[in-house]
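In what follows, a structure is listed as structure tokens, so that the remarks can point back to it.
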Amino acid sequence: MMRLEDTTVAAISEAIREEKSRKGAIAVGMVLTLIVVADEADQADALHAASAAASEHPMRILGIIPRPGRTEAQLDAEISVAGADGPGEVIALRLRGAMAAHTASVALPLLVPDAPVVVWWASDAPKSPVKDPLGQLARRRITDASLAGRSRAELQVHATQYAPGDTDLAWTRTTPWRALLAAALDRPHARVTGAEVHASRSNPSAPLLAAWLHSCLGVPVTMRASRGPGLTAVHLHTDTGDISITRPDGTKAILQVPGYPASEVALRRRETRDLLLEELRRLDPDEVYAQALALSPQFHADGP
Amino acid sequence: MTNPLRDPRDRRLPRIAGPCSLVIFGVTGDLARRKLMPAIYDLANRGLLPPGFALVGFARREFATQDFAQVVHDAVREHARTPFNEDTWQQLAAGIRYVMGDLGDPAAFAALNQTVSQLDAELGTGGNHAFYLSIPPGKFPTVVEQLKASGLSQQGADAWRRVVVEKPFGHDLASAQELNRTLGEVFPTGSVFRIDHYLGKETVQNILALRFANAMFEPVWNSNFVDHVQITMAEDIGIGGRAGYYDGIGAARDVIQNHLLQLLALTAMEEPISFDATHVRFEKEKILQAVVLPEDLAASTARGQYAGGWQGGELVSGYLEESGVDPASTTETYAAVKLLVDTRRWAGVPFYLRTGKRLARRVTEIAVVFKRAPHLPFAATDTRELGNNALVIRVQPDEGVTVRFGSKVPGTAMEVRDVSMDFGYGESFTETSPEAYERLILDVLLGDPPLFPRHEEVEQSWRILDPVLDFWAKSGTPQAYGAGTWGPATADAMLARDGRTWRRP
């Protein structure tokens, strides 16, 4: 790893180039740039998860760590290029003082030429991701409503500000549930007449899941508060009984389908790395998310 | 009935197989332990197996179901790709069963029938069962016969029964047809899955994407620009403990018949009208029908047998000294053939296929070698070191694409030399990318056959290869080559006659 203090973007570019040619890694193809915006407190975990995701998506990771304050504007960089710790290259940038308000000016020259850009806010997300200067550089903008103090309120803000290319890790977290529900309905089953989603009180994934079920099935969906962790159950009411997935402990779930014996399914809460991997697999707008997000405010309140 | 939760725009949802079981015959074998069981675990760990999935082992060894579960557990622990997770294991373990018996014993099959019926009741596998024949091909007819006699092959309404066989699909055209007849009498065509574990779906899709999703390759993908094509599958290992399988079979039957000819078909075929199973298969079949052998087989084929020696700093024994191999064996461990494709696109472009064991390194690649530029506006000395341009599709170990082209050497003198440019989707892509077996098993459980060769393709491949095998059978012993080299001198001579050389992959 290389440390550059009080530096410039030009010097950083030059250092990356030199380091790569020293390691003979000039020709390693980078398929995208991932901009990770994080606070000092979260940056280590976030960059770690991002570099783990680079094993599947060789990419340049630009860690943007704003350090606003009264200090002089100063740019510090830590660079580790491909080859040392994995296929990705990580450039952690600390923007001190007034520079903290000008993140895009620092990021722009460091993007991989002609490759897609993804931005991920690993701490607080801007109110409108698409209008954020870093968000404007990106084709895909990843937020995580669960980080906010009032997660469901945050989701509501996202819903009003949605632009194609936005996505939220709260939605990503529903994928295994949705996959299992879809698989359950692959079997012959009676007509679904209603649904219930159980989750911890503030969980932002639950309204998205409920909205998705509502829009796909066209049936009323009720929200129920549970003690968590996260999503704990989904019930689909049918004429012959409930199709249910219950996960009381955050790891193992029980799937019950009328007419079939109950079975146990591993349904772990996934790590950030796995969520990122899923996000980076496709970079086009997620229309299904858009639809669920738009409907989600109806499901913010837990039912009686 | 369409599933309202499945939206074609929703690309996140993986397809999970429906409730079913996989019955493995020959479950105590090496392949089952090293590949099949770990792949099943990995699928479960990735959430792609249905809840209530059952794994039934069938073998002669005396096991209680718990002992068998322990065997699976150990195999998973040792060979699985994804980290071991107790919850996933518990989910899988609940569906593990074992049936002891002889492949020819009707009583054992009656017991198996009972076991799968119980699974339908206990786990809700719904009468959907796949039979994986991980046994020597000689025993296929016995098992298929028994499956029929015991009623196991009988699929009910809304349920399926499928059979999976591994290569080799016969040892010549006649035996392949015989095998196809045997399978066809009991299982309909769509229920027979032929697995070529060398050919991962990822590879096939990569080749199709490279050729048909890009604008810059297809225009030069023909005899106007291509000089020849080399398709190589090299292994650095010997036959290991597989003498019983390998001796008498040899490299051509083991690899060229299925794997290399499939790669040839994918490289040479016309654009399918869609990526539908039927359309892709149609184009592959068409191109295989157009493949012909040159007239002089002595000049256009080569074979070899590895001799003992030092390979990469290790002393290894020769083929004839391997345990279980007939010391007078004429089985080839290296095979190379020149093939022609009689179409307008490929007129006059030879395809050289080679495969071997104990070669310098493990590599599979397709090299499309282009003609030299028709006119070089440089002095002859400037371009003395310039070879042919080449586009290389690397299949393994690191899947990707290499382009070889001429570049000026920095300096005041004008000198053009070959350089390579690589693209790999990340060095460790293979680590997290689903391994071939997982894709294969999942496709079987989903009933998704697009990339499994159908019997028509298998028979075409044998039609191409049979004359070579006959010719070799009549012409003495293969030439010895040193372990860790790139094969026998005859193979080099074969290309030299055409004024070409093998690439060093």
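What is the order of A:Ser21, A:Ser226, fewest Cβ neighbours within 10 Å to most? Please report the intermediate quantities before stating the final value.
On the way: A:Ser21 11, A:Ser226 19.
Least to most surrounded, the residues fall as A:Ser21, A:Ser226.
Tell me what chain B gives for mean residue ellipticity at 222 nm when only DSSP H runs of n ≥ 4 count, each as -39,500 (n - 2.57), the sum divided by the residue total, rounded to 500 deg cm²/dmol. Before the final figure, lay out each step's value.
On the way: 15 runs with 156 residues, N = 505.
About -9000 deg cm²/dmol.
Quote the relative contact order of chain A in percent (integer), defining contacts as alpha-carbon pairs under 8 Å separated by 6+ residues. List each step's numbers first, then the result.
Working: 628 pairs, mean separation 45.1, N = 304.
Averaging sequence separation for qualifying contacts and normalising by length gives 15 percent for chain A.
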- prompt: Sorting B:Asp67, A:Asp42 on the 10 Å Cβ count, fewest up front, what's the list?
  reply: B:Asp67, A:Asp42
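Filter A:Lys252/B:Lys139; A:Lys20/B:Lys35; B:Lys284/B:Lys357 down to the pairs with a C-alpha to C-alpha distance above 29 Å, please.
Numbers: A:Lys252/B:Lys139 41 Å; A:Lys20/B:Lys35 38 Å; B:Lys284/B:Lys357 27 Å.
Violating the 29 Å Cα-Cα cut-off are A:Lys252/B:Lys139; A:Lys20/B:Lys35.
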message: On a straight-distance basis, which aspartates and glutamates could pair with B:Lys474 in a cross-link, Cα separation under 15 angstrom, same-chain partners fewer than 8 positions away excluded?
response: B:Asp296, B:Glu332, B:Asp466
message: Nearest 5 percent is fine: what portion of the DSSP beta bridges confined to chain B is antiparallel?
response: 55
message: Can you tell me how the protein assembly as shown classifies by the Cα gyration tensor, rounded, prolate or oblate, using a/c under 1.5 as the rounded cut?
response: oblate
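Counting other beta carbons within 10 Å of each Cβ, put A:Ile79, B:Ile273, A:Ile142 in order, fewest first.
Working: A:Ile79 20, B:Ile273 11, A:Ile142 26.
So the ranking, lowest neighbour count to highest, is B:Ile273, A:Ile79, A:Ile142.
Provide the percentage of antiparallel DSSP beta bridges, counting only those with both residues in the protein assembly as shown; round to the nearest 5. Could you put the intermediate results ahead of the total?
On the way: 74 of 140 bridges.
Roughly 55 percent of the DSSP beta bridges within the protein assembly as shown come out antiparallel.
Could you check how many percent of all C-alpha pairs in the stretch B:17-166 are farther apart than 21 Å? Mind showing how you got there, number by number?
Details: 4379 of 11175 pairs.
Result: 39 percent of Cα pairs exceed 21 Å.
Relative contact order for chain B: what is it in percent, counting Cα pairs under 8 Å that are at least 6 residues apart? It would help to have the intermediate numbers written out before the result.
Working: 904 pairs, mean separation 82.5, N = 505.
With pairs under 8 Å counted, the relative contact order is 16 percent.
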message: Using the Karplus curve 6.51 cos²θ - 1.76 cosθ + 1.60 with θ = phi - 60°, what ³J(HN,Hα) values do you get for each residue of the stretch A:6-17, in whole Hz, with x for Gly and Pro?
response: 6, 10, 10, 4, 4, 5, 5, 4, 4, 5, 4, 4
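Considering Cα pairs under 8 angstrom that are at least six residues apart, work out the relative contact order of the stretch B:17-166 and quote it in whole percent. Working shown, then result.
Working: 247 pairs, mean separation 45.5, N = 150.
Computed over the stretch B:17-166, the figure is 30 percent.
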query: Add -39500 (n - 2.57) for each DSSP H run of 4 or more in chain A, then divide by its residues: what number comes out at 222 nm, to the nearest 500 deg cm²/dmol?
result: -9500 deg cm²/dmol
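Every number in this text was worked out from the coordinates using simple rules, so none of it is lab data. All of these numbers come straight from a predicted model, not from anything done at the bench. All Cβ positions, even for glycine, are placed from backbone atoms using ideal geometry, and neighbour counts span all protein chains on display.
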